[in-house]
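Chemist: The structure under discussion is supplied below as structure tokens; questions concerning it will follow.
Each value in this text was obtained by applying a stated rule to the coordinates, not by laboratory testing. This structure is a prediction, so every number in the text was calculated from the model and none was measured. Reconstructed Cβ throughout: ideal geometry from the backbone, glycine too, with neighbour counts over all protein chains shown.
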Amino acid sequence: MPTHRAWILVSLLFCATALSFLDRQVLSVLAPELIREFGMSNAAYSRVVFAFVLSYTVMFALGGRLTDALGTRLGLGLSVGVWSVASMAHALARGPLVLGISRFFLGVGEGPCFPAVTKGALEWVPLEKRALAVGFANGGSAFGAVLAPPLTVWWTGLFGWRGAFLATAGLGFLWLVAWYLAFRGLPQAVVSPSSQASPGFRTVLARGDVRRFMLARFFFDPVFYFYMFWIPQYLSRERGLSLTEIGNLIWIPFFALGVTNIAAGRVSDLLVKRGYAPRRARMVLMLVSALMTPASWFAATAGSAGAAIALMSVLMFAHGIWIANYITLIGDSVGAAEAGTAVGLTGACGGIAGMLSNLVIGPVVDLSGFTPVFLVSALLYPAAWLILAAGRRAATPATAKGLA
């Protein structure tokens, strides 16, 4: 495939992950208003979040496997179509029940997105720019989260909160048109999946490195779920900010995430170019990231909302370094043919942790506030890094030499 066509497709992958986070973050930004309108407690809101994380988790695994079978073009197209319809359905909510059902189907659609995006980036871009492509494609999620607060506040001011959900759905349908037009004139091998059977769950799960990726994600994903779904509520409850003030501030941590997601991929590629083995390059950058994440604890004790946002931005900056290298490391280990399945399994494992943590966060916040949650968040990335580092010690001498 010509290089410029590959990067057009990767740019559309970037837009897909941006839309996925834009769509899911609309609820987070509107949470204080919807909680008041529907009379929900934080525990009730946590159950609405749980509905999304449940379906998202299941479909992260099934969607990754499905994408390996159907190919990136069809798999991602189905994903965006389903979640755009689900986003529209949020506008019909009159209480937490319909809101939770709509949230469930949003997760059904969004689950396959990141396995499909990672698979596409690995397939279409050569090894020497792999981390950059993966970081760029996945980095759209951060920019979607950056755009979500101001756009949600703006749309809500113009059309009400129901109109905000309808607007995000419309963007999804526009993306679908662009996606299918982008494949015109490309070889059939790019448009359709290979005739060779893709590996099943059992084959991928038999790999010790995949199991370590899954366990590591179980540790670090709850932190990101917390930041994604609860920070607007934290700023409203603990810092006394209005919806407009939240919209003016909450984009900053996600902007830091987006910048490092892309930049860290480029730095990782440069390290490999200078002679680092791919695993070593990824792991060094992830260690730097893990050592930055205790800033999450200090965010809870900061003297002002601005200082708290700054410290939360440090964690999200670190997460950008982490996730770009973590996802690329999976691709280095399993290859494009089974990347969707492997990334899907790790995402599902993180989603299980996200479900459990969200069910705990609501009652903890009602009882003790957000400080205990920030404290735990400060410890989880270092623990995840140690799990991944143990994989090198578990490798055979020949394998360890190749990955050092």
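Chemist: For a quick protection proxy, order the peptides 51-62, 204-215 by their average other-Cβ count within 10 Å, most packed first. Walk me through the numbers on the way to the answer.
Modeler: Numbers: 51-62: 23.4, 204-215: 17.8.
So the peptides 51-62, 204-215, ranked by packing, come out 51-62, 204-215.
Chemist: Something else about it: Say R0 is 51 Å: what FRET efficiency, to the nearest 0.05, do LEU158 and ARG274 get from their beta-carbon distance? Walk me through the numbers on the way to the answer.
Modeler: Details: r = 51 Å, r/R0 = 0.99.
About 0.50, to the nearest 0.05.
Chemist: Can you tally the net charge around TRP124? Count Lys and Arg as +1, Asp and Glu as -1, for every other residue whose Cβ sits under 12 Å from the Cβ of TRP124.
Modeler: Working: positive: ARG5, ARG73, LYS119, LYS129, ARG130; negative: GLU123.
Here the charged neighbours net out to +4.
Chemist: Just check region 19-172 against the gyration tensor rule for me: Cα atoms, a ≥ b ≥ c as the square roots of the eigenvalues, rounded for a/c under 1.5, and otherwise prolate or oblate depending on whether a/b exceeds b/c.
Modeler: prolate
Chemist: Now for a different question. By how many nm would the segment from THR244 to SER41 grow when fully extended, if each residue of separation counts as 0.36 nm and the alpha-carbon distance is taken off? Write out the running numbers ahead of the final one.
Modeler: Numbers: separation 203, 0.36 × 203 = 73.08 nm, distance 2.17 nm.
Additional length available on full extension: 70.9 nm.
Chemist: I'd like to compare 365-378, 113-126, 3-16: which one has the highest average count of other Cβ atoms within 10 Å, and what's the full order after that?
Modeler: Working: 365-378: 17.2, 113-126: 27.0, 3-16: 19.2.
Packing proxy ranking, top to bottom: 113-126, 3-16, 365-378.
Chemist: So how far apart, in nm, are the two label points at ARG237 and LEU186 if each is 7 Å from Cα heading toward Cβ?
Modeler: The two pseudo-label positions are separated by 4.4 nm.
Chemist: In whole angstrom, and with the biggest value first, how far do the Cα coordinates of the chain range along each principal axis?
Modeler: 58, 45, 35
Chemist: OK, next. Would you pull out the residues with amide H under 5 Å of SER41's amide H, same chain only if 5 or more places away, H placed 1.01 Å from N?
Modeler: For SER41, no residues qualify.
Chemist: Can you give me the relative contact order of the chain as a percent, contacts being Cα pairs under 8 Å and 6 or more apart?
Modeler: On the way: 735 pairs, mean separation 110.8, N = 404.
27 percent.
Chemist: Next question, about the same structure. Round to a whole angstrom and tell me the spacing of the C-alpha centers of region 324-358 and region 230-265.
Modeler: Rounded to whole Å, the Cα centres lie 25 Å apart.
Chemist: With viscosity set to 1.306 mPa s at 10 °C, what whole-number translational diffusion coefficient in µm²/s follows for region 85-140 from Stokes-Einstein and a Kirkwood radius over Cα pairs? Write down the numbers at each step before the final one.
Modeler: Numbers: Rh = 13.1 Å.
Rounded to a whole number, D works out at 121 µm²/s.
Chemist: Over all alpha-carbon pairs in region 1-88, figure out the percentage whose distance exceeds 16 Å.
Modeler: On the way: 2493 of 3828 pairs.
Above the 16 Å cut-off, region 1-88 has 65 percent of its Cα pairs.
Chemist: Now for a separate question. For the ranges 338-346, 249-257, 325-333, 37-45, what's the packing order if you count other beta-carbon atoms within 10 Å of each residue, average per peptide, and put the highest first?
Modeler: On the way: 338-346: 29.2, 249-257: 23.2, 325-333: 25.7, 37-45: 16.3.
Ranking the peptides 338-346, 249-257, 325-333, 37-45 by packing returns 338-346, 325-333, 249-257, 37-45.
Chemist: May I ask for the Kirkwood hydrodynamic radius of region 274-383, worked out over all distinct Cα pairs and given in angstroms to one decimal? Walk me through the intermediate numbers first.
Modeler: Details: mean 1/r = 0.0639 Å⁻¹.
Evaluated on region 274-383, it is 15.7 Å.
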